[in-house]
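The values are calculated or read from the model by the stated rules, or taken from the named source; none is laboratory data. Just so we're clear, the structure is a prediction, and the values are computed from it rather than from any experiment. Here the Cβ is made from the backbone with ideal geometry for all residues, glycine too, and neighbour counts use every protein chain on show.
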Amino acid sequence: MRSLLTKSLLILLLLVNTAYAAADPLPSWNDTIAKKAIITFVDEVTKAGSPHFVPPAERVATFDNDGTLWSEQPLYFPEIFVLDRFKAIASQHPEWQKNPELKAVLDGDLKSVPLDLDVYARAGYTTTEFEQSVKDWATTARHPKTGKLYTEMVYQPMRELLDYLRANGFKTYIVSGGCIDFMRPWTEKAYGIPPEQVVGSSVKMQMEIRDGKPVLVYLPEINFIDDGPGKVIGIEQNIGRRPIMAFGNSDGDLQMLQWTTAGSGPRFALLVHHTDAQREWAYDRTSAIGRLDKALDEAQAKGWTVVDMKKDWKIIYVFQKK
């Protein structure tokens, strides 16, 4: 009799826990204003009969990547990749030793990294060759502080948010200053965002015939910078719909949030504020990486949602999920 009662209690607890998990779409978020604002907005735009109902085709949400979906310290992760690749292929380019800026990078001086280092890491290589180099890096390179793969340093609360939005008929896009060819090989696995829903900076390329087959080859020239006002242009050119939700963490995302909230109907903007020096990093107005200054002022003036990582998130990274 006692064992039967114990078994019944265990089943009841399991059912209660399962029901709670199903009822809470963002379990890694604390029950604060930020979480409530997200859920309230999603409910309002997805509930049939709501005065703020938005048809599924118009439910577009855009996300910055660095500092919004994964960490960005001590350097932007795309920059760390470029530096690693630049050094890995340096032996194939002895002419780089004659360029003072490039030689300085090879010698470990990161104070004067050329802005076009991305170009040198790609020029002359095919898109297939470069994609493989990204995949190799993503499965081997580890962060100097955590020792984790960079793709494991995705924010668990934001991963839940992406899943929650998609479960409610949203189409989720990355709109990042990082290069699209760096992000596309791994974003679907890390975020559930397929390559065609990644908008980013790019390097020019051309089609060539190599060994009798057509290939795309990178040229030594930047094509597009998807940062600041460039993000709005990238959204218009690649998505063709103004988002109703936008998420960022820095002044580089300001124009994307302005563009999103300037549209008609219900609008939502959110900034991730890095406030947790113990579990991640704490930085904002004076940081050289992910500076959050003007955008923070505008968020406060316009009532945008600001996530305080220390207060609003129970855990930070996907690898901490139990």
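Condition check for Phe77 on (1) more than 30 Å from Gly240 (Cα to Cα); (2) at pLDDT 95 or above; (3) hydrophobic (A, V, I, L, M, F, W, C): one failure, at (1).
Looking at Val318, Val306, Val272, which is the one that is modelled with pLDDT of 95 or more, in contact with a His (Cβ under 6 Å, 6 or more places away or on another chain) and β-branched (Val, Ile, Thr)? Spell out how you get there, then give the answer.
Numbers: Val318 fails: in contact with a His (Cβ under 6 Å, 6 or more places away or on another chain); Val272 fails: in contact with a His (Cβ under 6 Å, 6 or more places away or on another chain).
On inspection, the qualifying residue turns out to be Val306.
A residue that is in contact with a Lys or Arg (Cβ under 6 Å, 6 or more places away or on another chain), under 18 Å from Pro157 (Cα atoms) and not hydroxyl-bearing (Ser, Thr, Tyr) can be found somewhere in the range 276-286.
Restricting the range 245-259 to residues that are of a type outside the set (Gly, Ala, Ser) and buried (at least 24 other Cβ atoms within 10 Å of the Cβ) leaves a set whose member that is nearest to Ile174 (Cα to Cα) is Phe247. Just for the range 127-156: of the residues that are touching a Leu at 6+ places or on another chain (Cβ under 7 Å), closer than 30 Å to Asn30 by Cα and of a type outside the set (A, V, I, L, M), which one is surrounded by the most Cβ atoms within 10 Å (Cβ to Cβ)? For the range 127-156, the residue satisfying everything is Tyr155.
Is it the case that Gly263 is under 22 Å from His52 (Cα atoms) and either exposed (fewer than 13 other Cβ atoms within 10 Å of the Cβ) or at pLDDT 95 or above (or both)? The answer is yes for Gly263. Does Ala37 qualify as being in contact (Cβ under 8 Å) with a residue 12 or more places away in the chain, touching a Ser or Thr at 6+ places or on another chain (Cβ under 7 Å) and in a helix (DSSP H, G or I)? Spelling it out, Ala37 is indeed in contact (Cβ under 8 Å) with a residue 12 or more places away in the chain, touching a Ser or Thr at 6+ places or on another chain (Cβ under 7 Å) and in a helix (DSSP H, G or I). Kindly provide the set of residues from the range 140-163 that are more than 18 Å from the chain's Cα centre (by Cα) and of a type in the set (Ser, Thr, Tyr), ordered by number. Once the filter is applied, which keeps residues that are more than 18 Å from the chain's Cα centre (by Cα) and of a type in the set (Ser, Thr, Tyr), the range 140-163 yields Thr140, Thr146.
Each residue in the range 295-322 was checked for being closer than 19 Å to Arg267 by Cβ and surrounded by fewer than 16 Cβ atoms within 10 Å (Cβ to Cβ), and 5 of them qualify.
Those helices (runs of 4 or more DSSP H) of the range 79-172 in which 3 or more residues are touching a residue at least 40 places away in the same chain (Cβ under 8 Å) and farther than 30 Å from Ile316 by Cα occupy 127-138. Which one is modelled with the lowest pLDDT, of the residues in the range 90-126 that are within 23 Å of Glu208 (Cβ to Cβ) and surrounded by fewer than 15 Cβ atoms within 10 Å (Cβ to Cβ)? Once the filter is applied, the top-ranked residue is Asp116. Here the condition is being at pLDDT 95 or above and part of a strand (DSSP E or B); of Val232, Val203, it holds for Val203 alone. Does Lys302 satisfy being over 19 Å from the mean Cα position of the chain (by Cα) and closer than 23 Å to His52 by Cα? Against the criterion (over 19 Å from the mean Cα position of the chain (by Cα) and closer than 23 Å to His52 by Cα), Lys302 qualifies.
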